[in-house]
Each structure stands twice: as structure tokens, then as C-alpha cells.
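The values are calculated or read from the model by the stated rules, or taken from the named source; none is laboratory data. Keep in mind that this is a model prediction, so the values were computed, not measured. Here the Cβ positions follow ideal geometry from the backbone for every residue, glycine too, while neighbour counts run over all protein chains shown. When the accessible area is computed, the model is the full protein with side chains, heavy atoms only, and any ligands, DNA or RNA have been set aside. Shrake-Rupley method; radii C 1.70, N 1.55, O 1.52, S 1.80 Å.
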Amino acid sequence: MNIYYGGDYNPEQWPEAVWHEDVRLMREAGVNLVSVAIFAWSKLEPEEGRHDFGWLDRLLDLLHENNIGVCLATATAAPPPWLARKYPQSLPVTKDGVKLGVGSRQQYSPSSPDYRRLAAKLVRKIAERYGDHPALELWHINNEYGCHVYESFDEDSAAVFRTWLKDRYGSVKKLNEAWGTSFWSQTYYAWDEVSPPAAAPTFINPTQQLDWRRFCSDALLSLCQMERDILLEVTPEVPATTNFIGVHKPLDEWRWAEVLDVVSNDAYPDPGSAEAGIYAAFQSDMMRSLKGGTPWILMEQAPNQVQWRGRNSLKAPGVMRLWSLQAVARGARGVMFFQWRQSKAGAEKFHSGMVPHGGTDTRTWREIKALGQELQGLGEVLGSRVHAEVAVIFDWETWWALELDARPSHDVRYLEQVYSFYRALWQQNITVDFVKPDADLSGYKMVVVPNLYLARDEAAADLERYTQNGGTLVMAFFSGIVDENDQIRLGGYPAPFRNLLGLKVEEFDALPVGATNTVKGEREFSADLWADVMTLEGAEALATFTEGFYAGRPAVTQHAFGEGSSFYLGTRLDAAGTAWVLEKACQQAGVTRERFPEGVEVVRRTSEQDSYLVLLNHTAADVQLELPERAADLVRGEAMKQLTLPPYGVSFLRTQKAQAAPIKEAQMD
Ligand code: GAL
């Protein structure tokens with residue numbers, strides 16, 4: 001199997017003469033897949049019902065003649081200006097009632113019947129015209145749903161929201177119960193009285209806001225589903241994807257992944273941030289997890305700098321390769337870029353391209369070409385899978401509910417919390433899968449549950465069963481606080497987890513910005529953000545607060561539960577403290593730890609026959625490594641027990657663990 005290599009290709013921005021140079025260079029760089037026509041609606045349909053496919057016919061033929069596959073877009077991401085002029089009610093409206101106009105992209109209300117009708121027609125046309133084209137490999141549905149417009153407060157959206165609520169609740173009475181509308185005289189007597197949570201005098205009903213979040217994800221999903229259904233009808237054998245924008249709050253990606261054949265992602269880690277490499281790994285692990293470990297595609301990344309941050313750092317030599325190969329190590333079957341040729345005009349003219357403004361005598365091009373050639377030798381790893389012993393629970397509903405406006409601390413941010421645990425595990429070279437709260441956890445030695453604020457009954461029961469049956473669970477504060485309607489679970493916090501954790505939280509303190517407390521156990525750590533004031537009911541304190549009126553009260557606990565064990569963090573510990581708790585839990589769970597120098601990332605992949613070790617140096621210096629087992633470099637073939645990785649260097653190694661495909665002795669010395 002080949003690793004896909006290529007990028008977004010926007011030939012409509014260039015005269016046709018340039019296309020010939022494009023395909024020549026694509027071949028030189030080993031490009032085998034390009035995403036085409038993502039923003040081409042206005043070129044494909046100059047006025048309603050009149051189409052111009054000639055240029056796209058010629059382009060697809062040219063690509064095919066050159067053995068370049070096509071990930072063909074449905075072209076619905078940027079409606080043409082005529083659509084807004086003819087159907088102004090299709091434009092999205094902000095919370096404050098401002099209608100968003102043309103001149104950029106994604107200017108449609110997800111619930112606009114006009115947009116839906118016209119998009120559906122276009123998708124069908126494209127599918128019928130190109131469904132049999134030999135270059136077609138994959139459908140690229142729309143582009144980054146919800147990137148700019150993830151909600152719209154127009155009248156169509158309000159009407160569809162009401163229908164969605166009717167389906168969910170069946171009656172206004174049930175809606176009133178779920179939303180707790182006895183509070184502040186909000187009781188509804190007719191569906192027409194219910195509206196989206198647009199601008200209001202003060203805090204809007206939290207359940208209304210939560211349902212709006214659910215609805216907005218579903219409204220976009222129904223667009224994606226609409227396109228998917230048409231494609232499935234016309235071209236049942238061609239797989240389809242849509243590109244996510246990483247771990248993106250507006251879309252419940254667990255549900256979205258069910259609609260897609262392949263998950264794909266756009267990853268733009270900030271080269272100016274020291275965290276970028278870890279955050280990229282976080283995203284990759286999520287993408288791999290969304291469809292249970294099946295290969296995903298890195299659909300977009302920048303060849304070098306982007307143009308949309310305030311300050312756009314360059315990727316130092318080697319960094320583009322490092323992050324690309326990291327994605328492959330963590331399950332990607334494609335390494336793609338935005339975009340092929342750097343634009344001459346438009347808002348993205350300062351965004352790097354695989355072919356920069358400066359042409360081929362540039363560092364970017366040389367790195368692009370070298371990577372394309374290298375990937376051709378790495379295809380065999382696609383036959384293997386990443387194996388994780390640890391699962392981290394990730395839940396979009398919790399993300400939405402936990403970040404509503406009226407709550408104990410605005411500084412508790414879900415993604416930051418999850419990431420802080422991910423980061424600590426990454427630094428200990430522990431690979432994780434992300435899972436839904438109600439996933440089957442039985443295959444994992446340890447489960448981390450960061451701030452599962454919204455806990456459904458089934459999820460709570462599953463976590464309890466998992467631990468009861470011998471699992472090790474690590475849970476952080478502000479978990480199990482509300483049910484799916486954002487109503488408090490009474491009976492002492494965290495009501496559904498009190499047994500499992502062996503404790504009761506009576507109060508929680510939100511620490512002012514910059515304030516800390518010291519937490520003392522075997523060692524001392526700094527804590528901030530939050531403090532649970534808790535009483536133990538069977539758990540033991542591993543560390544206690546040392547300051548304030550709750551000095552001496554437990555901050556971190558452990559509880560033997562059934563055959564397993566639970567750990568609880570009633571505060572946010574500093575990085576060393578988080579690592580300390582996780583290390584204890586890993587020991588308890590028997591999680592394997594690989595010991596490598598700081599800044600070196602390790603990923604293991606296995607198939608029935610083979611096993612691979614991928615080593616990635618995230619530092620700007622050489623690192624000397626002692627390998628845990630003898631291993632052969634996949635590209636160069638040499639076997640070794642030591643290895644020096646250059647700055648940002650990566651090595652794909654086949655290890656000796658694989659019995660069926662032993663490393664040839666001749667290669668070893
Ligand atoms: C993505 C988008 C691309 C391009 C890119 C620039 O979000 O899908 O079309 O705009 O960002 O970084």
C-alpha cells in the first residue's frame with residue numbers, strides 16, 4: 001500500500017499552461033493524490049443551473065495521465081456570490097443578529113433550504129459526471145465544516161431547531177422538565193415560543209444552550225450526511241471523507257466519524273510554540289481513535305508557515321518532515337498539505353505552498369520533494385496498527401456543558417484539562433487511545449477521565465464496572481456533576497462516582513487567577529485553579545492541601561475498588577504533580593513505560609507479522625539513543641542497537657520482536 005502524498009490543488013487560480021508544470025513537479029515530488037475543486041463552486045456553476053465542467057474534465061484527465069489520483073471535492077464549501085444575491089436568506093446570522101455577507105467563504109446557514117437544495121444538486125452533478133473517472137480515489141465532502149460558521153441564528157435555523165427539539169422531547173412539557181424552566185419564569189406553553197439562545201439580557205438557560213450546541217453539530221452533520229447519501233447512491237464504491245479541523249469544539253466528532261468512510265484532519269500546529277509537537281500528537285491520536293484505530297488521512301498541514309496567526313513562524317528545517325512522519329507513526333495513511341502551489345492573489349497568498357512563490361530553488365520545495373521520495377519506502381507500516389494500553393475519555397457534550405457561562409470557574413477549560421493529562425503521558429512515552437465515555441474499556445490497563453462534568457448513567461455505570469473488574473482509573477475534579485440535561489446529580493458530588501472513588505466532595509473552591517496552593521504527599525507540588533473540599537469514605541489521601549481553611553484536607557486520593565483501583569485529583573496539579581499521580585497509576589495498572597531522553601517521542605506499531613518502533617526527535621540537538629531491542633532502519637536497512645537522531649530527526653525501525661519477519665542476520669552487523 002502506498003502512503004498518500006499531495007495536497008489541496010487549486011488550479012482554477014492559474015492559467016492552464018501552469019497545470020503542465022504542476023503535474024511535472026508533482027511527479028518529481030512523488031505526489032500521488034491531490035484534493036481538487038474544494039473552492040470551485042463559482043467556477044463550476046457560473047449561474048444557477050448553468051455548469052462549466054470543461055476545465056475540470058481536462059484537469060482530471062491530465063492528472064490521470066500522470067498517475068496522480070484525485071480526492072475530488074463536492075465544491076460546496078464556498079457558495080458563489082450569485083447564491084447570496086438570489087437567496088439572501090441563505091446567509092448566516094450571528095448571535096447578535098448580524099447577517100454575514102460574501103467576500104470570504106462558508107457564508108451559508110447550515111439550515112438554509114436554498115443552500116441545501118443547491119448544494120445537493122451540485123453534488124449530484126459532480127458525482128454523476130466524475131463517479132467513473134479513473135483518477136477518482138476519494139470524495140472530499142465540503143471542507144472543514146463549522147470552521148468559520150458553526151451556528152446561525154436565522155429564521156430557518158430557528159425552525160429546524162424547534163423540529164429537532166420536538167424529535168428529542170416529544171412534548172413541550174418534557175422540554176420544560178429537561179430545561180428546568182420553572183427557574184426565572186421560563187415555562188413554555190407552545191413550540192413557537194421556543195427559540196435559539198440568541199442575545200438575551202443575561203445568562204441563558206444552560207440546557208437550552210447545551211441543546212443548541214447539540215443541534216448545531218447535528219445541523220452541520222445533516223448537511224454532510226445529505227452529501228454522503230447522494231455520493232453513496234451514485235458511487236457506492238467510492239469512499240468519502242470530510243476534513244476535520246483537529247479536535248474541534250463545535251462538532252461531536254464521535255458521531256461525525258460514523259458517517260465517514262475515512263477520517264481526515266487538518267493540522268496546523270504553531271511552529272512558534274514549544275508545545276506544537278505534543279499537540280500534533282494529541283490530534284493524531286484523536287483522529288486514529290475516532291474510527292477505532294483505522295487509518296486516517298492528514299488532509300492538510302502547512303508546508304512551512306501559515307498566514308492566519310498574528311505572527312507566523314517558519315517551520316525550521318526538518319520540522320515539516322518530523323510532523324508529517326509523526327502523523328504516519330500515529331496512524332495516518334496520507335500526508336497532504338494546504339496547498340500545492342502558493343497563491344498569487346487572495347487572502348492566503350502569504351500561506352506557504354508545496355511550490356512556493358520562489359519556485360523549486362527553495363528549501364520548502366527541497367524538503368517537500370525529499371519527503372515524497374522517503375514516504376515511498378515507508379508504505380509497509382500501513383499494514384500495522386498503533387497499540388495503546390491507556391485510554392483517555394473524551395466527550396464533546398461535557399466540553400460544551402462544562403464551558404457554559406454560569407459555572408464555578410471560567411478558567412476550567414476542557415481541552416486544556418484533557419491535554420494536560422495527555423501531555424504528561426506523552427512525556428512518559430505512553431501511547432493513548434481516546435474513547436467515548438460509554439466505550440468498551442475492557443482492553444485497557446488504565447483509563448484517564450479528565451473532568452467528566454456531564455456523566456450519563458450508562459457511562460457512570462461502565463466506569464464503575466471497569467474499575468470493579470480490575471481496571472485502574474484516574475479521574476479529575478468536576479466530574480459527574482450533571483446529567484445529560486445539565487441538571488445537578490444530587491446526593492453529594494460527584495454523585496455517580498462516590499462509590500468508585502470512595503469520597504465525597506462537599507464544596508469546590510475556584511482559585512483566583514495566579515493563586516496557588518501547595519499539595520503535600522510523598523513530595524510537594526503546586527496546585528492552582530480548583531480545590532475540592534472533600535471527605536474520605538474509604539479512599540486514602542495521597543496528598544493534602546497545605547494552605548487555606550481546607551489545609552490538611554485531601555487533594556489527591558486513591559481507593560481500592562472491587563478488583564481495581566481509582567485515583568482522584570481534587571485540584572489541578574502542576575506538570576510534575578500530574579506526572580507523579582499518573583506514574584503511580586501506571587505502576588498500579590502495570591502500564592509499560594519506555595525510557596528515552598526528554599523530547600524523544602516513541603510510537604510502537606504492530607501487525608501479525610511485524611513490529612515497528614518509530615523514534616522522533618523533537619529537539620534542535622542530536623540525541624544518542626540506546627535501543628531497547630535490536631532494530632533495522634526501514635529505509636536504509638541497517639540493523640542497530642544504538643542510534644543518533646539528528647535535530648528533528650525521525651527513524652522508522654523494524655524491531656526484532658517480530659518472529660515471522662526476523663531481521664536478516666546479514667544486515668545486523
Ligand atoms: C484550512 C482550510 C484551507 C486553508 C487552510 C490555511 O483551515 O481548510 O482551505 O484555508 O486552512 O491554513
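Per-residue packing, averaged as other Cβ atoms within 10 Å, sorts the ranges 440-451, 18-29, 223-234 into the order 440-451, 223-234, 18-29, beginning with the highest.
Give me the number: length gained by fully extending Y188 to M1, i.e. 0.36 nm times residue separation minus the C-alpha to C-alpha distance, one decimal in nm. Numbers along the way, then the final one.
Details: separation 187, 0.36 × 187 = 67.32 nm, distance 5.80 nm.
Full extension from Y188 to M1 adds 61.5 nm.
The residue among L634, A178, A370 whose Cα reaches farthest toward the positive pole of the charge dipole of the chain, with charges on the beta-carbon of Lys, Arg, Asp and Glu, is A370.
Taking the Cα centre of the chain as reference, the dipole from Cβ charges on Lys and Arg (+1) and Asp and Glu (-1) amounts to some 760 debye. Accessible-area rank, largest first, for T467, T518, T360: T360, T518, T467, with all protein chains present and a 1.4 angstrom probe. Principal axis extents of the C-alpha atoms in the range 403-450 (largest first, rounded to whole Å): 38, 27, 11.
A dipole drawn for the range 114-248 from +1 and -1 charges on Cβ atoms has a positive end, and of Y115, P206, S222 the residue lying farthest that way is P206. So what does log10 I(q)/I(0) come out to for the range 1-108 at q = 0.16, 0.17 Å⁻¹, using the Debye formula with one equal point on every Cα and no solvent? Treating every Cα as an identical point scatterer, log10 I(q)/I(0) equals -0.77, -0.83. Here the 3J(HN,Hα) profile of the range 445-455, calculated from phi with Karplus coefficients 6.51, -1.76 and 1.60 at θ = phi - 60°, is 6, 8, 10, 9, 10, x, 6, 7, 4, 9, 10 Hz, Gly and Pro shown as x. Using the Cβ-Cβ distance between D52 and E598 with R0 = 60 Å, the FRET efficiency computed as 1/(1 + (r/R0)^6) comes to roughly 0.60. Per-peptide packing, taken as the mean over residues of other Cβ atoms within 10 Å, places 494-505, 534-545 in the sequence 494-505, 534-545 from highest down.
Using θ = phi - 60° in the Karplus curve 6.51 cos²θ - 1.76 cosθ + 1.60, the 3J(HN,Hα) couplings for the range 100-117 round to 8, x, 8, x, 10, 7, 6, 8, 9, 7, x, 9, 5, x, 5, 4, 4, 4 Hz; x is entered for Gly and Pro. Rounded to 0.05, the FRET efficiency of the E65 and S42 pair, given R0 = 30 Å and the Cβ-Cβ distance, is 0.65.
Note on the chain: Kirkwood radius taken over Cα pairs, Stokes-Einstein applied at 4 °C and 1.567 mPa s, translational D equal to 48 µm² s⁻¹.
FRET efficiency for the E547 to K121 pair, using the beta carbon distance and R₀ = 45 Å, is estimated at 0.10. Packing here is the average count of other Cβ atoms within 10 Å per residue, and on that basis the peptides 397-408, 306-317, highest first, run 397-408, 306-317. Within the chain, DSSP assigns beta bridges of which about 55% are antiparallel (rounded to the nearest 5).
Charges were assigned to the Cβ only: +1 to each Lys and Arg, -1 to each Asp and Glu. The resulting dipole of the range 462-602 about its Cα centre is roughly 300 debye. For K43, a cut-off of 28 angstrom between C-alpha atoms picks up these lysines, skipping any fewer than 8 places away in its own chain: K86, K99, K121, K125, K344, K349.
Annotation: the antiparallel percentage among DSSP beta bridges lying fully within the range 8-116 is about 25. Looking at the range 222-372, the accessible area is 32 square angstrom per residue; that uses a 1.4 Å probe and ignores ligands, DNA and RNA. For the range 170-225, the alpha carbon convex hull comes to 97 Å³ per residue, rounded to a whole number. Consider a paramagnetic label point 7 Å from the Cα of K349 along Cα→Cβ; state which residues of the range 1-32 have an amide N under 18 Å from it. From the range 1-32, the list is 10-15. Along its principal axes, the range 408-562 has C-alpha extents of 40, 39, 30 angstrom, given from the largest down. Partners of K584 within straight-line reach, counting aspartates and glutamates whose Cα lies under 16 Å from its Cα and excluding those fewer than 8 residues away in the same chain: E389, E522, E524, E540, D574, E594. Helix content alone sets the calculated 222 nm mean residue ellipticity of the chain: runs of n ≥ 4 DSSP H residues at -39500 (n - 2.57) each, divided across all residues, give -9500 deg cm²/dmol. Projected onto its three principal axes, the C-alpha set of the range 295-440 covers 54, 40, 23 Å, listed from the longest axis down.
With the charge dipole of the chain set up from +1 on Lys and Arg Cβ and -1 on Asp and Glu Cβ about the Cα centre, the Cα lying farthest toward the positive end among the listed residues G331, N304, M287 is that of N304.
Straight-line reach from K291: taking Cα to Cα under 25 Å and skipping same-chain neighbours fewer than 8 places apart, the lysines in range are K249, K436, K445.
Each Lys and Arg Cβ is given +1 and each Asp and Glu Cβ -1; about its Cα centre, the range 1-61 then shows a dipole of about 240 debye. Debye-formula intensities of the range 548-621, expressed as log10 I(q)/I(0) at q = 0.27 Å⁻¹, are -1.24 (one equal scatterer per alpha-carbon, no solvent). Shown for the range 489-632 is the translational diffusion coefficient from the Stokes-Einstein equation, using the Kirkwood radius over Cα pairs, a temperature of 10 °C and a viscosity of 1.306 mPa s: 89 µm²/s. The C-alpha radius of gyration of the range 560-664, expressed as a fraction of 2.2 N^0.38 Å, stands at 1.35. Kindly identify the range 173-289 as rounded, prolate or oblate by the Cα gyration tensor criterion: order the square roots of the eigenvalues as a ≥ b ≥ c, call it rounded if a/c is under 1.5, otherwise compare a/b with b/c, prolate if a/b is larger, else oblate. In terms of gyration-tensor shape, oblate. From the P(r) of the range 64-154, could you give the percentage of C-alpha pairs in the tail past 21 Å? Counting pairs separated by more than 21 Å, the tail of P(r) holds 38 percent.
Averaging over all projection directions, find the projected area of the Cα convex hull of the range 601-661 and quote it in nm² with one decimal place.
Working: hull surface 15.1 nm².
Mean shadow area of the hull around the Cα atoms is 3.8 nm².
One compactness figure for the range 344-427 is 1.80, namely its Cα radius of gyration divided by 2.2 N^0.38 Å. Each of K166 and M226 was given a label point 7 Å from its Cα along the Cα-to-Cβ line. The distance between the two points is 1.8 nm.
Close amide H contacts of A75 (hydrogens built in the peptide plane, cut-off under 5 Å, sequence separation of 5 or more or a different chain): N142.
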